[in-house]
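Below is one structure, written out as structure tokens; the observations come after it.
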Amino acid sequence: TFLFDLDEPWTREHLIPLFSDVDQHKFVQAWSGFLKSTHNFEKSLFKELRCAYLCVLQQRRSKDLPEYLRPYFIRFYIYFVLLLVKDPTEELPEELLPALFEHGSIKDRITFSSALLELIRIDTKKQVWDTWLHQYWLDRLEGVPAPLDNNREIEVMLEWLTHLGDKFPEASQLAVRAPKIQLEFSDLPEQLCNSDLVIKYPTETAELLIYLCKCTCKCKLDLNHKNANLRKVAKRLTVLLAPQMQYRLDEALGAWSDGSD
């Protein structure tokens, strides 16, 4: 980034080609040095690297990128997203996300969702949601560009909810459409216990609790812990819900306690 700012023509001629070099050693050196040290960069630099980035995403070079670099590579994409959502005149290049999912592994998708969680914790969450995240979640439910069928990926996406502020109602309506999962590592029940969003949006929270009650836990200890947290959240909704919704929630909590569906 420093050299690009200092002498753009020289960097374009001598350094940018290294990111697509046929020499495996040079190729890995270039990406490793860049990905493990870069957190801020100019959009103009990314545009110069876009072809090289797509080349790696495509099957012919994806295998050449060492496994230890893949999380950095995916987070690089997230940094770029952050740059774009701060500029309303820019749009996310349509070819990048499908390429990532077409050739990426399940592990890549989980890394992507975790990196997104880091992104929406900051103050650009509304811009991220309005510009592309809402549509991204909707598309994933429809299987585009890849089916939403991995337990851990769905768990991570559920953890986005309490960080989305006023977008919580829209996001929770999408969340409850996901397949039922096994709650293994999710902190969502505990996060809901400590969030004011449940009071602000009681109906959407109740629907989310009903969905979570349809999920399973890995062991009895997990079930008891998450059951206690869900009941704490439900208690906060007392007198805020319409009778019919309260009845549905009580029924779901009863089935959850029994370990039935």
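The values are calculated or read from the model by the stated rules, or taken from the named source; none is laboratory data. This one's a predicted model, so the numbers in the text were calculated from it and none came from an experiment. Virtual Cβ from ideal backbone geometry, glycine too; neighbours counted across all protein chains shown. SASA here: full protein model, heavy atoms, side chains in, ligands and nucleic acids out. Shrake-Rupley method; radii C 1.70, N 1.55, O 1.52, S 1.80 Å.
Under the Karplus relation 6.51 cos²θ - 1.76 cosθ + 1.60, θ = phi - 60°, what is the ordered set of whole-Hz ³J(HN,Hα) values for the range 100-117, x standing for Gly and Pro?
3J(HN,Hα) across the range 100-117, in whole Hz: 4, 7, 5, 10, x, 8, 4, 4, 4, 5, 5, 4, 4, 5, 5, 5, 5, 4.
Taking 35 Å as R0, compute the FRET efficiency from the Cβ-Cβ separation of Tyr79 and Lys180 and round it to 0.05.
Efficiency at R0 = 35 Å is approximately 0.55.
In whole percent, how big is the carbon plus sulfur part of the accessible area of the chain, probe 1.4 Å, protein atoms only?
Values: 6910 of 13130 Å².
So the carbon and sulfur contribution to the accessible surface is 53 percent.
Work out from phi, with θ = phi - 60° and the Karplus expression 6.51 cos²θ - 1.76 cosθ + 1.60, the ³J(HN,Hα) of each residue of the range 211-217, listed in order in whole Hz, and give x for Gly and Pro.
Result, ordered by residue: 4, 4, 5, 7, 7, 10, 10 Hz.
If packing is taken as the average number of other Cβ atoms within 10 Å across a peptide's residues, how do 134-142, 3-11 rank, most packed first?
Result, highest mean Cβ count within 10 Å first: 134-142, 3-11.
Could you tell me the calculated FRET efficiency between Gln173 and Thr238, based on Cβ-Cβ distance and R0 = 25 angstrom, to the nearest 0.05?
0.65
Step through the residues of the range 187-204 one at a time and calculate ³J(HN,Hα) from phi using the Karplus curve (6.51 cos²θ - 1.76 cosθ + 1.60, θ = phi - 60°), rounding each to whole Hz and writing x for Gly and Pro.
My calculation for the range 187-204 gives 9, 4, x, 5, 4, 5, 4, 9, 10, 6, 4, 5, 7, 6, 10, x, 5, 5 Hz in order.
Full extension from Ile122 to Glu13: what is 0.36 nm times the residue separation minus their Cα-Cα distance, to one decimal in nm?
That works out to 35.6 nm of additional length.
Could you size up the charge dipole of the chain around its Cα centre, putting +1 on the beta carbon of Lys and Arg and -1 on that of Asp and Glu, and report it in debye to the nearest 20? The partial results should precede the final answer.
Working: 32 positive and 39 negative charges, 155 e Å.
Dipole of the chain, to the nearest 20 debye: 740 debye.
Find the accessible area per residue for the chain; the probe is 1.4 Å, ligands and nucleic acids are left out, and the unit is Å².
With the other protein chains kept in place, the chain gives 50 Å² per residue.
Can you give the extra length, in nm with one decimal, that the chain gains between Asp196 and Thr216 once fully stretched, where that is 0.36 nm per residue apart less the Cα-Cα distance?
Contour length minus Cα-Cα distance gives 4.6 nm.
In the range 181-256, what trypsin sites (Lys or Arg not before Pro) fall in a loop by DSSP, with at most 11 other Cβ atoms inside 10 Å?
Lys218
As an exercise, use a Förster radius of 51 Å and the Cβ-Cβ distance of Leu6 and Ile106 to find the FRET efficiency, rounded to the nearest 0.05.
Taking R0 as 51 Å, the efficiency between Leu6 and Ile106 is 0.80.
Fully extended, how many nm does the chain gain between Lys43 and Asp166 (0.36 nm per residue separation, minus their Cα-Cα distance)?
Once the chain is fully extended between Lys43 and Asp166, it gains 41.4 nm.
If you fit an axis through the alpha-carbon atoms of helix 24-35 and take the longest principal axis of the Cα set of the chain, what angle between them do you get, 0 to 90°, nearest 10?
60 degrees
Just to be sure I understand the model, the point goes 7 Å from the Cα along the line to the Cβ. What's the resulting Asp23 to Asp139 distance in nm?
Each label point is offset 7 Å from its Cα along the Cβ direction, giving 3.8 nm.
Cys217's amide H: which non-local residues (gap 5+, or another chain) put their own amide H closer than 5 Å, with H modeled 1.01 Å from N in plane and none for Pro or chain starts?
Leu183
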